Amino acid sequence: MSASDTPPVRQHMERLAAQGIDVVRVTYPDLIGTERARDVLLDHLPSACDHGLAFCRAVYHTSPQGDVVPVPGGLDAGLPDICVRPDLDTLTALPWEPGVASCLGDVTDPATGRPAPESPRDLLRAVVDRAREYGLHPVVGPELEYFLCDPAPDTARGWRRYSDAAGVVYTAGLRADGDNHLLRTLRRLRELNIGVTSGNHEFDGGQFEINLTHSDAMSAADRAFRFKAAVKELARQEGRLATFMAKPFMGAGGSGFHLHLSCTDDGGGNLFADPSAPYGLSTTARHAVAGILAHAPALAALSNPTVNSYKRFGPDTLAPWLIDWGLDNRSAMVRIPPERGAGSRFELRLGDASANPYLLIAGTVAAALLGVVAGDEPPAPLEGYGYDPAKSPVLPQSLPDALDALEADTALTELLGKDFTTAYLSYKRDEVARFHRHVTDWEFTEYAYHL
């Protein structure tokens, strides 16, 4: 019996047709977390499930400017295919596109039948499976920030911040959001069923944060991926730009991608909780924190993945600068929120909003797992306001430094896989090289008149 003849496929088709849906958009993340997709007419869904949808593997190696980066297995292999099959368990209607449902796709290499080595979703799946071998079931809660921009055709960039209002920190309503962008977006995202819980205006004008509920690691990554794609689509519908770029504006802060992580045992009990232990944190929790600290330089390459990312770092930014941890301390890279018991967890504040959710979560879980396996204890937690480099090591301050740290961290790259690591490093080092060749506005302003 083929996949198209199985009852689940037919049942999905009947349910979708009853909802007036005649198109299924099959999506999957590329290396940088951008949504790649194909629209499939409902009548052809069985064939897509049976045979898959062919895409050029170079989709993983294509830069935001459309250049194909020479990554092993791409150009040198004649631009072979990957095969994407719909994951019908992830089907959901798109509230803003009548007649369209969306689902994630699973990506395989037709030559081997195994997951494509660059597939972020499969990388996370593999890391989670390794964690489960040690009795750890990661639970993740994502928090993402972004800037909303309005068209500004009279400016060099073509966009300006939706609002320049200062001091409207952690609020909601028209005082911070004159066109009710947040309210509309929350309601549409609620219809998408991705676990959106709340939102507010953030520190800077035109900046928003929307929170997602916690869940197992794969579901959290899937939902964060769909969340970012949805926010950008909803902004485009209004002729606006929503950007998850780390630091898009001078004179404004950056946008973070914070992760709350805990682990449960096979019965669902929180493995990070121990009221009799120091700080109320179990041995497992402390080892996990030690692993994050030990592998933070390499983790930065995944959590802060662009040249621009490192302009978000620095003292007094509320973005990490040092490799440290603290108890309910937002100036630390790893913050332990005050809840204990079933709510015991840590918040990794390292990531910025440009991070690929699958890679950020995979890297974080991998680093925590390595800490648990090593059994190391973290240093004493940070006390008071941080950002003193005499107290803790400094994080990489550029993308090249972070990429070098990732390449040198053999324990972490072994968990992530050699093929993935080679592809990621090749892709990102090409990005760095292109940036260094580019003549910026700053250079012209600084030099042209005087030199």
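The values are calculated or read from the model by the stated rules, or taken from the named source; none is laboratory data. For clarity, every value in this text was computed on a predicted model and none was experimentally measured. Backbone-built Cβ (ideal geometry, glycine too); neighbour counts: all protein chains shown. The area values use the complete protein model at the heavy-atom level, side chains included, leaving out ligands, DNA and RNA. Shrake-Rupley method; radii C 1.70, N 1.55, O 1.52, S 1.80 Å.
Shape class for segment 48-148, computed from the alpha carbon gyration tensor (a ≥ b ≥ c): rounded, with a/c under 1.5. Here the calculated FRET efficiency for ASP419 and ASN180, from their Cβ-Cβ distance with R0 = 45 Å, stands at 0.45, rounded to the nearest 0.05. In this simple spin-label approximation, ALA54 and GLU407 carry label points 7 Å from Cα along the Cα→Cβ vector, and these lie 3.5 nm apart. In a DSSP loop and with at most 14 other Cβ atoms within 10 Å, the trypsin sites (Lys or Arg not before Pro) in segment 74-173 are ARG157. Scanning residues 5 or more positions from ASP81 or on other chains, those with amide H under 5 Å from its amide H are ARG57, with H placed 1.01 Å from N in the peptide plane.
How much length, in nm to one decimal, is gained on full extension between ASP265 and ALA433, taken as 0.36 nm per residue of separation minus their Cα-Cα distance?
56.0 nm
Percent of C-alpha pairs per 5 Å bin in segment 222-312, short distances first: 2, 11, 13, 15, 16, 13, 11, 9, 6, 2, 0. When a 1.4 Å probe is rolled over the protein heavy atoms, the share of accessible surface on the chain that falls to carbon and sulfur comes to 53 percent. Is the shape of segment 179-252 best called rounded, prolate or oblate, per the rule: a/c under 1.5 gives rounded, else a/b larger than b/c gives prolate, else oblate, with a ≥ b ≥ c the square roots of the Cα gyration tensor eigenvalues? Since a/c reaches 1.5 and a/b is larger than b/c, the shape of segment 179-252 is classed as prolate.
Given the Cα atoms of segment 123-207, and with Rh set as the inverse mean 1/r over their pairs in the Kirkwood sense, what is Rg to Rh to two decimals? We get a ratio of 1.16 for segment 123-207.
Tell me, what is the per residue accessible area of the chain in Å², probe radius 1.4 Å?
Per-residue value: 43 Å².
Here segment 298-337 is scanned for amide nitrogen atoms under 18 Å from the site 7 Å beyond the Cα of ARG157 along Cα-to-Cβ, giving 306-313. Here the label points at ALA17 and ALA374, each 7 Å from Cα along the C-beta direction, are separated by 5.7 nm in the simple model. Working note: Karplus 6.51/-1.76/1.60 with θ = phi - 60° gives segment 373-379 the couplings 5, 6, x, 7, 9, x, x Hz, where Gly and Pro are set to x.
Here, segment 352-451 has an Rg and a Dmax of 18.4, 59 Å when only alpha carbons are counted. Over segment 267-361, the hull volume per residue, using the convex hull of the C-alpha atoms, is 102 Å³. Shown in residue order for segment 210-224 are the 3J(HN,Hα) couplings computed by the Karplus curve 6.51 cos²θ - 1.76 cosθ + 1.60 at θ = phi - 60°: 10, 9, 10, 5, 7, 6, 4, 4, 5, 4, 4, 5, 4, 6, 5 Hz (x for Gly and Pro). Projecting the Cα positions of LEU75, PRO8, VAL40 onto the charge dipole of segment 1-130 (unit charges on Cβ atoms of Lys, Arg, Asp and Glu, taken about the Cα centre) puts PRO8 furthest along the positive direction.
Descending by average beta-carbon neighbour count within 10 Å, the peptides 39-51, 318-330, 283-295, 350-362 line up as 350-362, 283-295, 318-330, 39-51, the highest first.
In this rough spin-label picture, where each label sits 7 Å from Cα along the Cβ direction, the ASP150-VAL68 distance is 4.2 nm. For GluC sites (Glu not before Pro), the sites in segment 350-451 that DSSP calls loop and that have at most 14 other Cβ atoms within 10 Å are GLU383.
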